[in-house]
Amino acid sequence: MKAALSSVTENQLQDNEFLRDVLEGLGGSRKTLPCKYLYDEVGSRLFEEICDSNDYYLTRNEADIFAIHLDKIAERIGPEALLIEPGAGNCEKVESLLAALDSPKGYYPIDISPEILLDAERRIKNGLPGMQVWSEVGDFTLAEVWDNLISVPSRKRVVFFPGSTIGNFEPLEAERLLELFASNLSPGDGLVIGTDLVKDSVTLERAYNDSDHITEKFNLNILQRINNELGANFDLSLFAHRAFYHSLRQRVEMHLVCLKSHSVSIADTRIDFIEGETIHTENSHKYSIAGFNSLLTRSGFEPVCFWQDPAETYVIHYAQAI
Ligand code: AVJ
């Protein structure tokens, strides 16, 4: 009874936060929605489909780097490391890395979703019997969510942040997030982080406009989610997916373009849309190796080395806290 009650309250709080964020994002003259809301159950499943699509090279090429350079990465990390993963949706990658490490201390995933954490814990313990797992529920961008880490003694802490997730953050936010990572590490502790490289706009734009239109569904799903969870009346046929590379900002921007002027109601609030205006739903920043090294340096890390896929489309950086 108690557990059910508190989970209802938690859901309601989350709904309110969702509603607040949606009304705030759509209330201004430039409409935006936080990209974290793309990942409900349907969105997460669509994202997995994107990862398997031919045009989205990031996941595949990052997996190649881990497959080809796994031993070198494990050696660089060294013995008795505690692997900390902010956002625990990458079980397969972390499992192979943990398996390659010399007497790892264990795995410390941090995720907003208790279900994802339970699943991660189960999979790691199944695949690697005896591996210690400390799961932390919370938003890894919040400093207090890292507080319990101190109670896990370890010779070396390594933050594992693959998937080009850092690319979703604006450069200043990315700097703040890496600073938060660094503040929870001791000098010499590590960071293994994946970033997509700056490249020609044709390849980049194809990755976010896949020929199977999965990214289009993924993007439009955020409106369906607002309809489902906040009782809004978005007509999805009045919006189109648009993703393009902004070379000055070095990022792929994802938008939903309004095809015809109309209004939408969300919880007693009317939002007017004008034909041609967009809702900005996501940024995926791309980095050169030098550019990312400079971000690392600004955030309390010393770049140590990096690994690339054979086609040099993507980078895994290793840095150490200073
Ligand atoms: C999971 C944030 C790394 O930005 O490339 C894929 C999400 N969006 N296609 C990315 C995404 C559209 C992805 N990240």
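Just so you know, all these numbers are worked out from the coordinates, no wet-lab data involved. A quick note: this is a predicted structure, and the numbers were derived from the prediction, not measured. Quick reminder, even Gly has a Cβ in these numbers, built from the backbone with ideal geometry, and neighbours come from all protein chains shown.
With 24 Å as the cut-off, how large is the P(r) tail for the stretch 85-241, expressed as percent of Cα-Cα pairs?
Value for the stretch 85-241 (Cα pairs over 24 Å): 48 percent.
In the stretch 176-218, if the dipole is taken from +1 on Lys/Arg beta carbons and -1 on Asp/Glu beta carbons about the Cα centre, which of 182, 209, 194 is farthest to the positive end?
182
Here is the link list: 31/93; 125/156; 72/105; 72/93. Which ones come out longer than 25 Å on Cα distance?
Going by Cα-Cα distance, 31/93 fall outside the 25 Å limit.
What residues have an amide H closer than 5 Å to that of residue 161, excluding those fewer than 5 places away on the same chain, when H is modeled at 1.01 Å from N in the peptide plane?
192, 193, 194
Please list the non-local residues whose amide H lies under 5 Å from the amide H of residue 169, H modeled 1.01 Å from N, same-chain partners needing a gap of 5 or more.
Here 285 satisfy the definition.
Pick out which of 220, 238, 117 has the largest mean-square fluctuation in a Gaussian network model of the chain, springs linking Cα atoms closer than 10 Å.
Result: 238 has the largest fluctuation of those listed.
Cα convex hull of the stretch 35-150: how many Å³ per residue?
117 Å³
How much net charge surrounds residue 208 when only other residues with a Cβ under 12 Å from its Cβ are counted (Lys, Arg +1; Asp, Glu -1)?
Spelling it out: positives minus negatives among the neighbours equals -3.
Residue by residue through the stretch 281-296, which ³J(HN,Hα) values in whole Hz follow from phi under the Karplus form 6.51 cos²θ - 1.76 cosθ + 1.60 (θ = phi - 60°), with glycine and proline marked x?
9, 6, 10, 10, 6, 10, 10, 7, 4, 5, x, 6, 4, 5, 4, 4
Diagonalise the Cα gyration tensor of the stretch 191-322 and give the resulting equivalent ellipsoid semi-axes, square root of 5 times each eigenvalue, largest first, whole Å.
So the three semi-axes of the stretch 191-322 are 36, 17, 13 Å.
Size of the chain along its principal axes in angstrom, Cα-based, largest extent first?
Largest first, the chain extends 60, 56, 34 Å along its Cα principal axes.
From the gyration tensor of the Cα coordinates in the stretch 19-68, what semi-axes in whole Å does the equivalent ellipsoid have, largest first, with each one equal to sqrt(5λ)?
The answer is 32, 12, 9 Å, longest axis first.
Taking residue 36 as the anchor, which lysines have their alpha carbon closer than 19 Å to its alpha carbon, excluding any fewer than eight residues away along the same chain?
217, 286
Between the alpha-carbon centers of the stretch 249-319 and the stretch 54-107, tell me the distance in whole angstrom.
What the calculation gives is 23 Å, centre to centre.
What whole-number value in cubic angstrom gives the convex hull volume per residue for the C-alpha atoms of the stretch 185-264?
Values: hull volume 14.2 nm³, N = 80.
Spelled out: Cα convex hull of the stretch 185-264, divided by residues, is 178 Å³.
List the relative contact order of the chain as a percent without decimals, with contacts defined as Cα pairs under 8 Å and 6+ residues apart. Please list the in-between numbers first.
On the way: 577 pairs, mean separation 63.8, N = 322.
Taking the mean separation of contacting Cα pairs over the length of the chain, I get 20 percent.
Report the GluC sites (Glu not before Pro) located in the stretch 255-322 that are in a DSSP loop and have at most 14 other Cβ atoms inside 10 Å of their Cβ, or state none.
275, 312
What are the ³J(HN,Hα) couplings of the stretch 302-309, residue after residue, when phi is run through the Karplus curve with 6.51, -1.76, 1.60 and θ = phi - 60°? Round to Hz, x for glycine and proline.
Taking θ as phi minus 60°, the curve returns 10, x, 10, 6, 8, 10, 10, 6 Hz for the stretch 302-309.
Taking amide H positions as placed in the peptide plane 1.01 Å from N, state which residues far from residue 198 in sequence (5 or more) or on other chains have amide H under 5 Å from it.
287, 288
What GluC sites (Glu not before Pro) in the stretch 13-110 are in a loop by DSSP, with at most 16 other Cβ atoms within 10 Å of the Cβ?
80
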